[in-house]
Amino acid sequence: MEFARIGFPGSVSGGISPVRRLVAISAALLVLLLGGCSDTSSEPAPADAATPPTSQSTVDLSALPDATTFGTTPDAPSDPAPRKGTDGVVLRVEQDTAVYDSVRGKAIARLPASQFKSPTWIPIVAERGDWARVLLPSRPNGSTGWVRSGSDKVHKARSRHVVNVDVDARRLVVLENGREIGSWEVGVGKEASPTPKGRTFILASIRETVNDYSPIVLPLGTHSETYKTYGGGPGTVALHGWPDPSVFGSASSDGCVRVPADALSLLRSLPLGTLVRLR
């Protein structure tokens, strides 16, 4: 992969372990990467359910598009219930693995074992036998895919947390086992570059060493719908701090969610793969 400076819309231009793991990236790598900035859905039986399972050993992963924040997975099915929660189950990808368009379907992407030097943890939004439908961090927003959850390449865990962001009300709430443990006014995307809505997740945790607007940046598995690129990167939306408190409660960023310091302190402690609902 060729690393470009990845912009987090809403940062510099005015615009998180197992899982509780904080990833420190060297300044040199950050210069390459950063430009600034519960219900499980049920799935009907697929038409090809009687078809013998695809053998992953026959899939050439190198020929598939990467399911990363830098990648695009054009054949990925869209999230069937973007406003719903999940049951909190997340999938840890131990080895690069194939993503399919349906149970026993066609391989459409390669899901790598790490994202931003963080281990890959992604939410499960539906299950069928030993298959799991997961949210993907690639474009287009709302991309999903099926992986073999019974494979030795992956294992399951559970996150007790959910992050709800009411974009219109400009408020972020963190829940633990359904109980509110924090609520803050936050800054969101301005009208010309709104924060995208839908369900996503905490993709990684990056210690900021290049800019001083936030000590930690938490990239999400979603992108700006306004900027195809931002700061030389793919326009990944993130949760991050902001030094000027006047932005909280306003729509002034280029798409990211700006949070107060105490909110960031809690958010950075949450497990990777934690569901984030932007509503």
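What to note about this one:
- Modelled spin labels at residue 261 and residue 81, positioned 7 Å past Cα toward Cβ, are 4.1 nm from each other.
- Karplus (6.51, -1.76, 1.60) ³J(HN,Hα), θ = phi - 60°, over region 256-271, in Hz, Gly and Pro reported as x: 6, 9, 8, 10, x, 4, 5, 5, 4, 4, 6, 4, 5, 8, 6, x
- Cα centroids of region 93-164 and region 208-256: 25 Å apart.
- Interatomic Cα distance distribution for region 170-220, bins of 5 angstrom, percent: 5, 14, 15, 28, 24, 12, 3, 0
- Counting heavy atoms of the protein chains alone, residue 181 has an accessible area of about 60 Å² for a 1.4 Å probe.
- Portion, in percent, of the accessible area of region 48-190 that falls on carbon or sulfur, probe 1.4 Å: 45
- Normalised by the number of residues in region 149-269, the average gap of Cα pairs under 8 Å and 6 or more apart makes the relative contact order 26 percent.
- Accessible area ranking (1.4 Å probe, heavy atoms, ligands and nucleic acids excluded), largest first, for 58, 73, 226: 58, 226, 73.
- Scalar couplings 3J(HN,Hα) for region 134-148, obtained by applying the Karplus form with A = 6.51, B = -1.76, C = 1.60 to θ = phi - 60°, are 10, 7, 10, x, 8, 6, x, 4, x, 5, 9, x, 10, 10, 7 Hz; x denotes Gly and Pro.
- Exposure of residue 195 as accessible area (Å², to 10), given a probe of 1.4 Å and all protein chains: 10
- Long pairs among 117/197; 84/117; 84/106; 84/190; 190/228, criterion Cα-Cα beyond 20 Å: 117/197; 84/117; 84/106; 84/190
- From phi via Karplus (6.51, -1.76, 1.60), per-residue ³J(HN,Hα) for region 222-238 in Hz, x at Gly/Pro: 8, 10, 4, 8, 8, 9, 6, 9, 8, x, x, x, x, x, 5, 7, 9
- In a fully extended conformation the segment linking residue 246 and residue 177 would gain 21.7 nm over its present Cα-Cα distance, using 0.36 nm per residue.
- Across the protein chains, with a 1.4 Å probe defining accessible surface, the residues 70, 116 rank 70, 116 from largest area downward.
- Working from label points 7 Å from Cα in the Cα-to-Cβ sense, the residue 185 to residue 157 distance is 3.6 nm.
- For region 125-279, the alpha carbon convex hull comes to 119 Å³ per residue, rounded to a whole number.
- Inter-label distance for residue 94 and residue 269, nm, one decimal - labels placed 7 Å from Cα along Cα-to-Cβ: 3.0
The values are calculated or read from the model by the stated rules, or taken from the named source; none is laboratory data. Just so we're clear, the structure is a prediction, and the values are computed from it rather than from any experiment. We place every Cβ from the backbone using ideal geometry, glycine too, and count neighbours over all the protein chains shown. Just so you know, the surface numbers come from the protein's heavy atoms only, side chains and all, with ligands and any DNA or RNA stripped out. Shrake-Rupley method; radii C 1.70, N 1.55, O 1.52, S 1.80 Å.
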